[in-house]
Amino acid sequence: MKQVERYFYPAIFIYEPGQEIAVDFPDLGCATSGINDDDALLSARELLGCVLNGLEEDGEEIPAPTPLSEIKSKENERTVLIDVYMPSVRMANENRAVNRTVTLPAWLNAAALERNINFSQVLQEALKTKLNLV
């Protein structure tokens, strides 16, 4: 069975004074929140990926998303279509190591070896920082 590359699900952003923005996925029965719109959107996308990946891994049926036009919102709510790119989610949950060839100036390599630097660990930490994953 071919895996879906990208899913799109409606999420309801609920705004209450003095509270985080609540984000509800009515089709999936799950919710998250964020301190502002950007944070709520990122949290929603992350949750969507985790839930759908879990359903895929467990072989469970993935519910069809409700069309945006059929969702009724209250005055303090906004309906947003959230998408998630599943190949990235699936790869993030696969924790196997892969080899990469890295080219360094000889003097930098020598200095790192002299100080017993773990190249793999440093590269992983740098990539996580650069990608805002820490």
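Couple of notes before you dig in:
- Leading residue by the ranking (most open to solvent (accessible area, probe 1.4 Å)) among those in the range 79-110 that are under 21 Å from the mean Cα position of the chain (by Cα) and of a type in the set (D, E, K, R): R96
- Filter pass, D27 being modelled with pLDDT of 95 or more and in a loop (DSSP other than H, G, I, E, B): yes
- If you go through the range 30-59 and keep only what is more than 17 Å from Q3 (Cβ to Cβ), among the aliphatic types (A, V, I, L, M) and part of a helix (DSSP H, G or I), you end up with A40, L41, L42, A44, L47.
- Search result, residues across the range 111-134 that are out of contact with any Lys or Arg (no Cβ under 8 Å at 6 or more places or on another chain) and surrounded by 11 or more Cβ atoms within 10 Å (Cβ to Cβ): A111, A112, I117, F119, S120, V122, Q124, E125, L127, K128
- Every residue from the range 3-16 that is modelled with pLDDT of 95 or more and either open to solvent by less than 40 Å² (accessible area, probe 1.4 Å) or of a type outside the set (S, T, Y) (or both): R6, Y7, F8, Y9, P10, A11, I12, F13, I14, E16
- For the range 111-132, the criterion of a residue being farther than 20 Å from S33 by Cα, in contact (Cβ under 8 Å) with a residue 60 or more places away in the chain and assigned to a helix (DSSP H, G or I) is satisfied by no position.
- Some residue of the range 49-58 being without any contact (Cβ under 8 Å) to a residue 40 or more places away in the chain, under 14 Å from the mean Cα position of the chain (by Cα) and surrounded by 16 or more Cβ atoms within 10 Å (Cβ to Cβ): yes
- Of all residues in the range 60-106, those that are part of a loop (DSSP other than H, G, I, E, B) and modelled with pLDDT of 90 or more total 14.
The values are calculated or read from the model by the stated rules, or taken from the named source; none is laboratory data. Since the model is a prediction, treat every value here as computed from it, not as a measurement. Virtual Cβ from ideal backbone geometry, glycine too; neighbours counted across all protein chains shown. Surface accessibility is based on the protein's heavy atoms, side chains included, excluding ligands, DNA and RNA. Shrake-Rupley method; radii C 1.70, N 1.55, O 1.52, S 1.80 Å.
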